[in-house]
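Below is one structure, written out as C-alpha cells; the observations come after it.
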Amino acid sequence: MDYLIIGFQDVLNPVTLFWVASGVTLGYILGALPGLGKATGVAVAIPLTFYLTPVAALGMLIGIAKGSAAGSAVSAILLNTPGEPSSAPTALDGYPLARQGKAQKALKMGLYASVIGDFLSTIVLIGLAAPLANYALLIGPVELCAILLFSLTFIGGLSGKSMIKGLIAGAFGVFFATIGLETETFVPRMTFGMLELDDGLKLVPLAIGMLAVAEMIIQAGNLKALDAETANIADGSSKDDREISHSEWRRCIPVILRGTVIGSLIGILPGLGASVGSFLSYGATKRASKTPEKFGTGMIEGVAAAESADNAVVPSSLIPLFALGIPGSVIAALLIAAFILHGLTPGPLMFKQQPRLVADVYAAMICASFIMLFIGYSGQRIFAMIIKVPLRLIIPGVLLLCTIGAYMETGSVFSIYVMLGFTLIGFFAKKLDFSFVTFLIGFVIGPNIELTFRQSLQLLDHRFSNLLHHPIALVFIILTVLTIWWLGWSSSVANSTPKSVEPVAQPSAANQDIHKKREE
Amino acid sequence: MRRANIISGIVLACFGLVMIFAIIPWQIEAGPKGMMSPSLVPTMMMVLITGLSVLLTVINWRARTKESIEDTPNPVSRAELAALVKVGALFALALGLYLWISPLFAGIALVAGALLILGERRPLVLVLMPAGFMLAIWFLFYKVLGTAIL
C-alpha cells in the first residue's frame, strides 16, 4: 500500500500524465479505426517510448492498450464495423441503437461500461498478482517448463480455429526464438554468418511486421468495402436520446458487474482473449434477460455487457504475466519487451526487486482508467469524426510509423528487412488461419522454455521416472495431454456436426470477412 | 480452406524436412561434450512442425469432398495479393532510396507511393501528406523527445 502511494506520487505529475493521456488518446483513435487495434498500436509505439522515463513509457503503452479496447466500440456502434473483433457483440445492439438515432446514448453506455470494467479489473490485478507471485517463487525449472508447455498448448489450441495449426504456429515461434547465439555454449544457430542475427531476432520489428504491416496490406486489399462502410455512417441522434436514463442505469449496473467478472476471469486464463469474454458476457446477459428476443434490435444492456467484459480482459490478462512471467495474450507478449526495455522484468521476482516500478505501473493503470473516461466523454464527437477519414489516408502514415519503429529498435536497416520478412509470414498466417498470437507468445516464451527444459533434463538426470518427484510438473504435463485430447475431440465433434446459422444481426458483411480471422 | 490446408501442410512438411536434414545440421555446430546439443530444441520444434503438418494434410485430405475443394473461395483474394505485391514493391523502392539517396526521400516515397497505390489522386493531398508526416516526425523526435533517429 505504501508503494502504491509512492506510485501515485510518481505518476501524478504533468509530464507523466501527459504521456498516459497521449497513450489513451492514441489508443482510442486506433481502436476506433477499423483494422487498427491495440496490438498494432502497442507494437508501433514501443520504439517511440525508448526516450521516455520508465513510468511515462509504461503508462503510455498501457494507455494505448486500454484506450483502444474502449475506442473499438465507437466504430462498432456507428459503422457496424468493430474496431477490434472483441467489439463485435457491441455492434449487435449498438448499431441498431445508432440507426434509431440513439448513437450518443450507445456511445456513452459503451464508454461507462468500458471504464467500469477496466477499473474493477485493474483492482483485481493489483489484488491478485502479488499473492500469486509468492506461490510462483516456489516453482522450480521442472515445474516452470511444464507450465510453459501447458500454456503454449492451451493458447495454441484455443486462439485459432484449428488446434493443429495453432500448435504449428507455437512451434514456429519457439523455433524462431532459438535463432542467434546459444546461451550456454555460444554456438551460433541459424545465423547464416550474419552478425546481426547473433543476438537473435528482435521482437519489435517481428511484431510490427506480423501485426501492423501485414494487417495494413490486408486492409489495402479490402479498401473498397471498408470505404463503402465509412461512407454509410449513421449520422443522426435526437436530443432526447442522448442521455442514459435512471432506469437504464438500474438495468445496466448488474450487467456491467457480471461482464467485469466474466472478462476478468477470461483474462486470467491464457489464450482466451477479449473476444471470448465479450461474447460470453453478451450471451450470459441475453440468457438472463426477461426479453432475450429483443437482443439484436437495440438493447442498451447488450452494449454494456460486451464492453464491460471486453475492457476487463486487458488488465486481468496481465495477472499471469506479472505473477508467473507468462504472457496470456498478444498485448502481454508485447508488453514484456517494453517492460524489460524499461528495467522491469515481468515475473514473480519483480515484486521483490522493483516494487516501486510495479506500484508506478499500477498507479498509471488506475490513472489511465480515469483519463479514459475524461477523454472518451469529451472527445466522443471528435472520435466519431475521425472514423470517417478514409483508410487510404491512414494506411500510408501507419506504414511510415511501422518502418521508423522497426528501424529504431537496432538503428539498422536490417530490422526493416526482418519486419518485411515477417510481414510476409504474418500475411499468409492471417489468411490461412495460423494463429499469429500463438506464434508471438511462443517466440516470447521460447528462450524460457529452452532454458527450463535444459535445467529440467539435468535435474531429472535424463530419467522420465524422476518426474514423480515433481508432482506439480506432472499435473501440468497431464493437463497438457488432456488439453490436446479435449481440443482434438471437440474439434472433431464440431466438424462432424452440421452447422446451423443463428439468425441474429451481424456486423457488416464486408467486414466479417476481414475480421473473422483476426484474433486478439 | 481444405485445399489451402492440404497445400500449406505439404509445404510446411517439406520445409520441416529440409530444415531437419539440411539446414539445421549445416547451420548449427555440435556443442561441447557433456552439454546438451545446441540443435536439440530447434530440431525438436521442426520435428513437431513436420509431424503436425503431415497430420494437417492427412486430416484435410481424408475429409475433403468434391464440393469442399471446388466451392470454397480462395482464402487469399486477388486484391489482397495485388496489395501485397504493390506494397512490397513500394518498400523495395523506399529501401533503394534510403540506401542510395537519403532517408528523407525514402520516407516521402513511402507515404506518397502508398497514397498512389491506394488510389489517391488529389495533387494537394499527395504533396501535403508526405510533407506533413515528415514534419511531424521531425518535430516528435528532434523537438519533443529530443533525440536524433538517424
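For B:THR147, which of the numbered conditions (1) out of contact with any Ser or Thr (no Cβ under 8 Å at 6 or more places or on another chain); (2) in a helix (DSSP H, G or I) fails to hold? If we test B:THR147 against (1) out of contact with any Ser or Thr (no Cβ under 8 Å at 6 or more places or on another chain); (2) in a helix (DSSP H, G or I), just (2) comes out false.
Residue-by-condition table, conditions (1) open to solvent by 40 Å² or more (accessible area, probe 1.4 Å); (2) at pLDDT below 75:
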position: A:LEU226; (1), (2): no, yes
position: A:ASP241; (1), (2): no, yes
position: A:SER245; (1), (2): yes, no
position: A:TRP249; (1), (2): yes, no
position: A:ILE253; (1), (2): yes, no
position: A:ARG258; (1), (2): yes, no
position: A:ILE262; (1), (2): no, no
position: A:GLY267; (1), (2): no, no
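When B:ILE117, B:ILE101 are checked against the criterion of being over 19 Å from A:TYR407 (Cα atoms), out of contact with any Cys (no Cβ under 7 Å at 6 or more places or on another chain) and at pLDDT 90 or above, a single residue qualifies: B:ILE117.
Listed here are the residues, each with its yes/no results for (1) more than 10 Å from chain B (Cβ to nearest Cβ); (2) over 24 Å from A:PRO47 (Cα atoms).
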residue	(1), (2)
A:SER369	yes, no
A:SER378	yes, yes
A:PRO390	no, yes
A:PRO396	no, no
A:SER412	yes, no
A:ILE416	no, no
A:GLY426	yes, no
A:LYS431	no, yes
A:PHE436	yes, no
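The residues of the range A:1-33 that are open to solvent by 70 Å² or more (accessible area, probe 1.4 Å) and not in a helix (DSSP H, G or I), listed by number, are A:MET1, A:LEU12.
Residue by residue, here is whether (1) more than 10 Å from chain A (Cβ to nearest Cβ); (2) over 30 Å from A:LEU399 (Cβ atoms); (3) open to solvent by less than 20 Å² (accessible area, probe 1.4 Å); (4) outside any helix (DSSP H, G or I) holds:
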position	(1), (2), (3), (4)
B:VAL18	yes, yes, no, no
B:GLU29	no, yes, no, yes
B:PRO42	no, yes, yes, no
B:MET46	no, yes, yes, no
B:THR50	no, yes, yes, no
B:VAL76	no, no, yes, yes
B:LEU84	no, no, no, no
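Scoring B:ASN60 on the criteria (1) modelled with pLDDT of 90 or more; (2) surrounded by 15 or more Cβ atoms within 10 Å (Cβ to Cβ); (3) more than 7 Å from chain A (Cβ to nearest Cβ) leaves a single failure, condition (1).
Quick check, is A:THR285 touching a helix residue (DSSP H, G or I) at 6+ places or on another chain (Cβ under 6 Å) and either of a type in the set (Asp, Glu) or open to solvent by 30 Å² or more (accessible area, probe 1.4 Å) (or both)? No, not satisfied.
Kindly evaluate A:LEU138 against the criterion of being out of contact with any Cys (no Cβ under 6 Å at 6 or more places or on another chain), outside any helix (DSSP H, G or I) and not small (Gly, Ala, Ser). Criteria met by A:LEU138.
In the range A:459-485, the residue that is nearest to the other protein chains (Cβ to nearest Cβ) out of those that are polar (S, T, N, Q) and surrounded by 12 or more Cβ atoms within 10 Å (Cβ to Cβ) is A:THR480. Looking across the range B:119-131, the residues that are open to solvent by 20 Å² or more (accessible area, probe 1.4 Å) and within 9 Å of chain A (Cβ to nearest Cβ) come down to B:GLY119, B:VAL125, B:MET129. Tell me which residues, restricted to the range B:132-150, are loosely packed, with under 15 Cβ neighbours inside 10 Å and of a type in the set (Val, Ile, Thr). Result: B:VAL144, B:THR147.
When A:VAL413 is evaluated against the numbered criteria (1) open to solvent by less than 20 Å² (accessible area, probe 1.4 Å); (2) free of Cβ contacts under 8 Å to residues at least 24 places away in the same chain; (3) aliphatic (A, V, I, L, M), which criterion, by number, is the only one it fails? For A:VAL413, the failing item is (1). Can you pull out the residues in the range A:337-361 that are open to solvent by 10 Å² or more (accessible area, probe 1.4 Å), touching a Leu at 6+ places or on another chain (Cβ under 7 Å) and outside any loop (DSSP other than H, G, I, E, B)? Within the range A:337-361, A:ALA337, A:LEU357 meet the criteria. For A:ILE441, the stated conditions hold: it is over 26 Å from B:LEU110 (Cα atoms), in a helix (DSSP H, G or I), under 21 Å from the mean Cα position of the chain (by Cα) and of a type in the set (A, V, I, L, M). Filtering A:PHE383, A:PHE351, A:PHE374, A:PHE370 for residues that are of a type in the set (Phe, Trp, Tyr) and under 30 Å from B:VAL125 (Cα atoms) leaves a single hit, A:PHE383.
Of the residues contained in the range B:99-109, none is found to be open to solvent by 60 Å² or more (accessible area, probe 1.4 Å) and within 30 Å of A:PHE434 (Cα to Cα). When B:ALA13, B:ALA82 are screened for being of a type in the set (A, V, I, L, M, F, W, C) and not assigned by TED's automatic domain parsing to the domain that holds B:GLY119, only B:ALA13 passes.
Every condition in (1) open to solvent by 60 Å² or more (accessible area, probe 1.4 Å); (2) facing chain A (nearest Cβ under 7 Å) is met by B:LEU116 except one, and the failing one is (2).
Selection over the range A:41-59 of residues that are at pLDDT below 80, away from chain B (no Cβ under 11 Å) and either open to solvent by less than 10 Å² (accessible area, probe 1.4 Å) or in a loop (DSSP other than H, G, I, E, B) (or both) gives a count of 1. With respect to the conditions (1) at pLDDT below 80; (2) assigned to a helix (DSSP H, G or I); (3) surrounded by fewer than 24 Cβ atoms within 10 Å (Cβ to Cβ), A:GLY101 lacks only one, and its number is (2).
With respect to A:ARG381, determine if the residue is farther than 30 Å from A:TYR3 by Cβ, open to solvent by 10 Å² or more (accessible area, probe 1.4 Å), touching an Asp or Glu at 6+ places or on another chain (Cβ under 6 Å) and of a type in the set (D, E, K, R). When the stated conditions are applied, A:ARG381 does not pass them. In the range A:154-184, which residues are at pLDDT below 85 and of a type in the set (Ser, Thr, Tyr)? Answer for the range A:154-184, where residues must be at pLDDT below 85 and of a type in the set (Ser, Thr, Tyr): A:SER159, A:SER162, A:THR183.
The values are calculated or read from the model by the stated rules, or taken from the named source; none is laboratory data. Because the structure is predicted, anything quoted here is derived from the model rather than measured. FYI the Cβ positions are ideal-geometry reconstructions off the backbone, even for glycines, and counts take in every protein chain you see. The protein model used for the area step is the full one, side chains on, heavy atoms only, and it has no ligands, DNA or RNA in it. Shrake-Rupley method; radii C 1.70, N 1.55, O 1.52, S 1.80 Å.
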